[in-house]
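Chemist: The following block contains the structure, expressed as structure tokens.
Any read-out appearing in this document is the output of simple, stated calculations on the displayed coordinates, not a laboratory observation. In this text the structure is predicted, and so the values were computed from the model without any measurement. So basically every Cβ, Gly included, is an ideal-geometry build from the backbone, and we count neighbours across all protein chains shown.
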């Protein structure tokens, strides 16, 4: 069932705009009125990354009059496999600025508003206030819950999409008209339980599959056509090439948020309490590790360096002298027997989060002198061995 | 009764990559126990220490979330698929 259009139409389209949008204008459901609504619409895209890239490109081409872009990051070479709004010459540039330039090239009639800052509890309500609709393409649970709570408090609809490897999920949340994100997932997973794209990878083109559905829903909400994806979760499996539709209901036991939480990072837990405790006084730097490795070669120190990442990651880069035992082996209880009992254990992963989780397991198993490497192999490549690729 | 279960990407390490598996069961609880018997370790990713479905994982019978039916006691009618859908945050 279609809802009332979210946005009032602009007064008029210029002759240039009529020429540009003619393929929309001759669709009866869109027409002049629909295109004028798009022109008057203010849409905020959170994250000019994997989902934000196709979303911004198509929203701009469709003639959304005002596009807000919030991103504090800069373009990295490893983004270009999927973040198609950025190009080779944008490496090192602010993502928000790079996205703005691409939008201007696609459609000069779009007014772009940049928010080159991290979305947080202090700015979210103010940033959202100026927009009719929000697209959430962020990469972490803390921001996901922050976006939801702010949208519920302000009564605004938002289009939500998320991706991992070959799988995507997409829906529209609008507390006034249907369920909100907390009805679907009342609580975030504990840290370490669900890997991120940076840890687990994502098929680049999956961003387009999910991002295009997000834009499709945005256009329908703005112009008031079709059946919005409210109360429905679409799950996409790119390997099987199958979309599955599931129902989302309002949770009768759930209370919609009426105020923001004080700390979303703490709510989602960047590290579990056990890992944070274990790492507190047992973290060494890559510089320390480098000198420890030299001492090990010279025979003045003995330890085993264990990389707890996955085999695919180990193929990309590694710290020389490490052995690979993926984190899952520790969780399954299979790894402890593989460790020498008479040597100190030094753990390391990509950035230090997974190794901290494993550290907690080792300490509780009695390997009290174990340590982990802060910053992981990313820090090793940055500070010790820039000849290796990072990811 | 044979039940087809959809396995999400993050749990396919337990099913050797299979996205869909068939187990025996009449309700969701017996389906999850049957999954555990065939794929040890998978149950703990779906159910917490108290035996409740984890709050960031949804289990559907057909298109219906079991939280809004009979929970783990929800019966699985013949021909209906069970889907496990965990929260995913990636968008980068």
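Chemist: Provide the packing ranking of A:170-178, B:65-73, A:99-107, i.e. peptides ordered by the mean count of other C-beta atoms within 10 Å per residue, highest first. Intermediate results must be reported in sequence, preceding the final value.
Modeler: Values: A:170-178: 21.2, B:65-73: 16.4, A:99-107: 18.3.
Averaged packing, sorted descending, gives the order A:170-178, A:99-107, B:65-73.
Chemist: What does the average come to when, for each residue of peptide B:49-59, you count the partner chain Cβ atoms lying within 10 Å of its Cβ?
Modeler: Numbers: counts 0, 0, 0, 0, 0, 6, 6, 10, 4, 6, 0.
The shielding value for this peptide is 3.
Chemist: Could you tell me how many degrees, from 0 to 90 and to the nearest 10, lie between the Cα long axis of helix A:286-298 and the main elongation axis, the longest principal axis, of the Cα atoms of chain A?
Modeler: The angle comes out at about 30 degrees.
Chemist: Further, regarding this structure: I need to check one value: relative contact order of chain B, counting alpha carbon pairs closer than 8 Å and at least 6 residues apart, in percent. Present the calculation step by step, with values, prior to reporting the outcome.
Modeler: Numbers: 141 pairs, mean separation 30.8, N = 92.
33 percent.
Chemist: Each label point is 7 Å from the Cα along the Cα-to-Cβ direction; what then is the distance between the points at residue A:314 and residue A:19, in nm?
Modeler: 6.1 nm
Chemist: Hey, what angle do you get for helix A:52-62 against the long axis of chain A, alpha-carbon based, 0 to 90 degrees rounded to 10?
Modeler: Once rounded, one gets 10 degrees.
Chemist: Counting alpha carbon pairs within less than 8 Å and at least 6 residues apart, what relative contact order, in whole percent, applies to chain A? The partial results should precede the final answer.
Modeler: Working: 751 pairs, mean separation 55.0, N = 391.
Here the relative contact order equals 14 percent.
Chemist: How much of the DSSP beta bridge set in the protein assembly as shown is antiparallel, as a percent to the nearest 5? Write out the running numbers ahead of the final one.
Modeler: Values: 32 of 65 bridges.
Percentage antiparallel, nearest 5: 50.
Chemist: Additional query: Counting other C-beta atoms within 10 Å, which of A:241, A:1, A:214, B:1 has the fewest, and how do the rest follow?
Modeler: Details: A:241 9, A:1 6, A:214 28, B:1 13.
Ranked by crowding around the Cβ, least crowded first: A:1, A:241, B:1, A:214.
Chemist: Among A:244, B:78, which comes first, second and so on when ranked by fewest other beta-carbon atoms within 10 Å? Numbers along the way, then the final one.
Modeler: Details: A:244 17, B:78 7.
Going from sparsest to densest Cβ surroundings: B:78, A:244.
Chemist: Multiplying the sequence separation of residue A:276 and residue A:120 by 0.36 nm and subtracting their Cα-Cα distance, what value in nm do you get? Write down the numbers at each step before the final one.
Modeler: Details: separation 156, 0.36 × 156 = 56.16 nm, distance 2.26 nm.
Length gained between residue A:276 and residue A:120: 53.9 nm.
Chemist: For the pair residue B:24/residue A:10, report the inter-label distance in nm, with labels modelled 7 Å from Cα in the Cβ direction.
Modeler: 6.6 nm
Chemist: Moving on. Expressed as an acute angle from 0 to 90° and rounded to the nearest 10, what is the orientation of the C-alpha long axis of helix A:206-223 relative to the principal long axis of chain A?
Modeler: Approximately 30 degrees, to the nearest ten.
Chemist: Oh, and also: Return the percentage of antiparallel bridges among DSSP beta bridges fully within chain B, rounded to the nearest 5 %. Walk me through the intermediate numbers first.
Modeler: Working: 14 of 16 bridges.
That works out to approximately 90 percent antiparallel.
Chemist: When the label point is put 7 Å from the Cα of residue A:341 along its Cα-to-beta-carbon vector, which residues of region A:353-372 have a backbone N closer than 16 Å?
Modeler: A:365-369
Chemist: Evaluate the distance, in nm, between pseudo-label points positioned 7 Å from the Cα of residue A:259 and of residue A:106 along their respective Cα→Cβ axes.
Modeler: 4.0 nm
Chemist: Let me ask another. Rounded to the nearest 500, what is the 222 nm mean residue ellipticity of the protein assembly as shown from helices alone, with -39500 (n - 2.57) per DSSP H run of 4+ residues and division by all residues? Could you put the intermediate results ahead of the total?
Modeler: Numbers: 19 runs with 162 residues, N = 483.
Here the helix-only value at 222 nm equals -9500 deg cm²/dmol.
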